[in-house]
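A short reminder: the numbers here are calculations on the coordinates, not readings from a lab. Predicted model, so just to flag it, every value in this text is computed and none were measured. When we count neighbours, we look across all protein chains shown, and the Cβ atoms used for this are built from the backbone with ideal geometry, even at glycine.
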Amino acid sequence: MKKIFPFFLIFICYLQGSAQVLSSAQIDSLTELTLKTFDVPGIAVAVIKDGKLIHAKGYGVRSLRRKEKVTEHTLFGIASNSKAFTSAALAMLVDEKKITWNDKVIDYIPEFRMYDPYVTNAFTIKDLLTHRSGLGLGAGDLMFFPDGSDFTMKDILFNLRYLKQVSEFRTKYDYDNNLYIVAGEIIRRVSGMSWEEFIQKRILTPLDMNETAPGFSLLKDSSNVIDAHAPVNGVVQPIAREWSNVANAAGGIYSNLTDMAKWLTMQMEHGRYGPALSKRLFSMDASEEMWSPQTIIDVRGTSVYNTHFASYGLGWFLSDVKGYKQASHTGGLAGIVTQVTLFPELKLGIVVFTNQQSGAAFTAITNSIKDGYLGIPQSNRVKQYHDRVVANEAAAKKITDAIAKEIADRQKIAGTADMKPFLGTYHDNWLGDITISVKNGKPWFDSKRSPRLTGEMLPYKGNTFVVKWNDRSMDADAFAMFELDADGNASGLKMKAISPLTDFSYDFHDLNFTKKK
């Protein structure tokens, strides 16, 4: 922080207290400050106003390995910002009267099953998009996250029946990825094209989004793509590019600022595009449906912008912000996070892409730009979010340090754990088999279907171990809690993440292993 403080002070003093739209030069200064403050290698920022791309620029480098500069054409994984493309594709099929929003999923996918038979029979296409299924946050994400698992569409469809609901159907918001994967399968079965083909032929090509692809493997030119980055043992470095193609409908698209500007301009024109807005991708009715509240989201304690109401629409978060409607979404892959923000009434769009998993970085930039257009006196958003990150990381470190000390103390007293009662193969209905073994004298955890879930098991308390994953970029170490039978041998195993900062897609808490005979 010492190196950036003088620049930081000059920038904030220049803006403090004034309500003004940031110029491109001020956005440059803001983003350079954000790069340094949050230790992000590369960021791309775009502002669309009144149908024109008035700012589109890259900052920093695509990769710490190669040091090439980020430009407005540099491609990022937009992650869950792909969900709006999935909802738009379904809206187009609704316009064509091939489906309706309230059609039952089982009418198109007869093998679709949820845990509760009533929910299965009542589940509609709209329900797939609205995060109100009753499933818990991120339920089942371990089927495709982290990368490298072998789960297919058939597997995901089958395994949904094992995920127990944690709330009543259509009563509570809990973010979900797997049902967007199912939505992509609806598109395939109705249109006769894969989700990737439909997005390419029906959306990307008409909008001249020529550098964008529905998945990384489908990019025509991958010479200008970022690497993902994350802190590994305290040092930000490149990490493996993660994503399973089976989940593309939930988060697979790669795009850049210039192409996303075309997508957002079309959205703000309610489906119109082309010369004199003479063409339509989807109808006004479809646009209004996608931007209409479907699932209520609690906003208590989050009213930075005098927000009274928030909801999820169809592929979009919706809220009132200083009297205006805001449609927005974020996206997160390992080492890549993104944000898209629209104010349709102001014809304002803001895009921030980053190649490091710091959501505070994109929030600081988006909100600083947003403040000017909303007439809000500029405040120190970078410091505000940095302070919040520091506080959250300190709280998480206190937890993990205490556990590390407990482990170290136990090792000094007890030495090597007797693993004989715990060894064997364990089965979970949807994740499949894991093995608990001893490798090179160390207790070890291995997942058969998700091989990156592998690591040493450290004795903690009683029958509880801590699994320390080999891949330290995952930042998702977990408790492994064994259940014992009457003879003192392990009969089952449950898990949960240790750090409160663990990404919700590591849904260890949804696993329930039983030991195989």
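Quote the relative contact order of the chain in percent (integer), defining contacts as alpha-carbon pairs under 8 Å separated by 6+ residues.
Working: 1081 pairs, mean separation 92.7, N = 517.
Worked out over the chain, it gives 18 percent.
Packing, as the average of other Cβ atoms within 10 Å across residues, places the peptides 145-153, 36-44, 484-492 in the order 36-44, 145-153, 484-492, highest first. Taking 4 °C and 1.567 mPa s as conditions, region 5-379 diffuses translationally at an estimated 61 µm²/s according to Stokes-Einstein applied to its Kirkwood radius (Cα pairs).
Packing around the peptides 270-276, 467-473, taken as the average count of other Cβ atoms within 10 Å per residue, puts them in this order, highest first: 467-473, 270-276.
Kindly provide log₁₀ I(q)/I(0) values, in the same order as q = 0.10, 0.12 Å⁻¹, from the Debye equation applied to equal alpha-carbon scatterers of region 392-515. Log-scaled intensity ratios, in q order: -0.29, -0.43. Cross-linked pairs Lys126/Lys220; Lys412/Lys442; Lys67/Lys397; Lys83/Lys262; Lys98/Lys154: Cα-Cα separations exceed 25 Å for Lys126/Lys220; Lys67/Lys397. In degrees between 0 and 90, to the nearest 10, how far off the longest principal axis of the chain does helix 381-414 point, with axes built from Cα atoms? For 381-414 against the chain, the angle is about 10 degrees.
Its Cα gyration tensor gives region 145-299 an equivalent ellipsoid. The semi-axes, each the square root of 5 times an eigenvalue, are 27, 24, 18 Å from largest down. Look at where the Cα atoms of region 134-167 and of region 471-517 average out, and the two centres are 16 Å apart. Label separation (Lys67 vs Thr425): 5.1 nm, computed from points 7 Å beyond Cα along the C-beta direction.
The distance between label points at Thr400 and Lys439 comes to 2.1 nm (points 7 Å beyond Cα on the Cα→Cβ vector).
Hydrodynamic estimate: the Kirkwood radius of region 33-107 over Cα pairs, inserted into Stokes-Einstein at 37 °C and 0.692 mPa s, corresponds to D of 208 µm²/s.
Can you give me the Kirkwood hydrodynamic radius for region 256-367, using every pair of distinct Cα atoms, in Å to one decimal? Spell out each step's value before the answer.
Values: mean 1/r = 0.0668 Å⁻¹.
When all Cα pairs of region 256-367 are included, the Kirkwood radius is 15.0 Å.
When the P(r) is computed for region 361-448, the part past 21 Å accounts for 63% of the Cα-Cα pairs. Report the calculated FRET efficiency for Asp285 and Tyr115 (r = Cβ-Cβ distance, R0 = 35 Å), to the nearest 0.05. The value I calculate is 0.55. Cross-link partners of Lys322 among aspartates and glutamates, defined as those whose alpha carbon lies under 18 angstrom from its own and excluding same-chain residues fewer than eight positions apart: Asp298, Glu345, Asp371.
Taking region 44-75, which trypsin sites (Lys or Arg not before Pro) meet the DSSP loop condition and have no more than 14 other C-beta atoms within 10 Å? Let's see the in-between values first.
On the way: sites: Lys49, Lys52, Lys57, Arg62, Arg65, Arg66, Lys67, Lys69; in loops: Arg62, Arg65, Arg66, Lys67.
Sparse-neighbourhood loop trypsin sites (Lys or Arg not before Pro): Arg65, Arg66, Lys67.
Longer than 20 Å from Cα to Cα, which of Lys347/Lys370; Lys172/Lys398; Lys398/Lys494; Lys57/Lys383; Lys405/Lys461 are they? Say none if no pair is.
Working: Lys347/Lys370 12 Å; Lys172/Lys398 32 Å; Lys398/Lys494 24 Å; Lys57/Lys383 23 Å; Lys405/Lys461 12 Å.
Going by Cα-Cα distance, Lys172/Lys398; Lys398/Lys494; Lys57/Lys383 fall outside the 20 Å limit.
Each pair of Cα atoms in region 230-321 enters the Kirkwood radius, and Stokes-Einstein at 20 °C and 1.002 mPa s then converts it into a translational diffusion coefficient of 129 µm²/s.
In region 436-487, how does Rg compare with the Kirkwood Rh, expressed as the Rg/Rh ratio over alpha carbon atoms? Mind showing how you got there, number by number?
Working: Rg = 11.6 Å, Rh = 11.7 Å.
Taking Rg over the Kirkwood Rh, I get 0.99.
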